[in-house]
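Written out below as structure tokens is the structure these notes cover.
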Amino acid sequence: MSRGTYAANVNENDGCDGCALVPRREFLRDAGAIAVGILVALGASPARAAAAPLEAITSIGGSRDDKPYPIPAKDGSQIDKENGVIVTRWQGMVYAFSLACPHQNTAIKWFDKDGQFECPKHHSRFQPDGLYVKDSGRATRGLDRFAVRKDGNNLMVNLDKLYQEDDDETEWKAAVVTV
Ligand code: FES
């Protein structure tokens with residue numbers, strides 16, 4: 001595959017390309033812990049293994065329910081691997097998605113050229129706002145979104161509130177800030 005991509009890993013040597021996320025998430029509606037870990041690499045194709053990495057970001061300071069991330073300066077996606085968060089800016093909107101595919105928790109990738117996410121396991125695709133691309137792969141909903149708010153130049157992410165489109169549709173739709 002020749003298209004330029006951002007992969008959902010920092011680099012191809014750190015064992016995260018196409019890897020499964022340990023499903024330690026607990027979907028507690030108002031509070032609770034969501035822990036996502038990345039385990040072993042699972043046989044990505046050479047083309048995918050050569051994909052350009054997502055830009056890595058780290059949240060400094062804040063609390064688990066109010067983590068600050070700098071709002072990206074341009075459209076694209078960045079990853080906080082430690083917390084399993086992807087911050088995406090797209091056409092005036094900013095989102096914080098779970099890195100885990102909503103089907104079976106595989107780490108998703110961002111394809112910059114196509115402006116889409118794709119799961120390397122069953123190839124579900126997702127628009128930049130997280131909406132599921134119909135009839136792709138095996139997912140049945142969009143990417144899960146963390147609750148967010150804007151504070152100056154930061155996106156504040158609540159890691160204890162993760163919304164599923166098919167379960168918390170109103171909150172899921174509201175989990176976005178404009179820039
Ligand atoms: S794990 Fe992503 S589509 Fe199946």
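Sort SER124, SER59 so the one with the fewest other Cβ atoms within 10 Å of its own Cβ comes first.
SER59, SER124
Given a Förster distance of 22 angstrom, what is the FRET efficiency for HIS122 paired with ALA73, based on the Cβ-Cβ distance and rounded to 0.05?
For R0 = 22 Å, the calculated efficiency reads 0.10.
Taking Rh as the Kirkwood radius, which is the inverse of the mean 1/r over Cα pairs, what is the Rg/Rh value for the range 130-179?
Radius of gyration over Kirkwood radius for the range 130-179 works out to 1.04.
Read-outs: derived from the displayed coordinates by stated rules, not from any lab. Worth saying up front: this structure is predicted, and the values here are computed from it rather than measured. Virtual Cβ from ideal backbone geometry, glycine too; neighbours counted across all protein chains shown.
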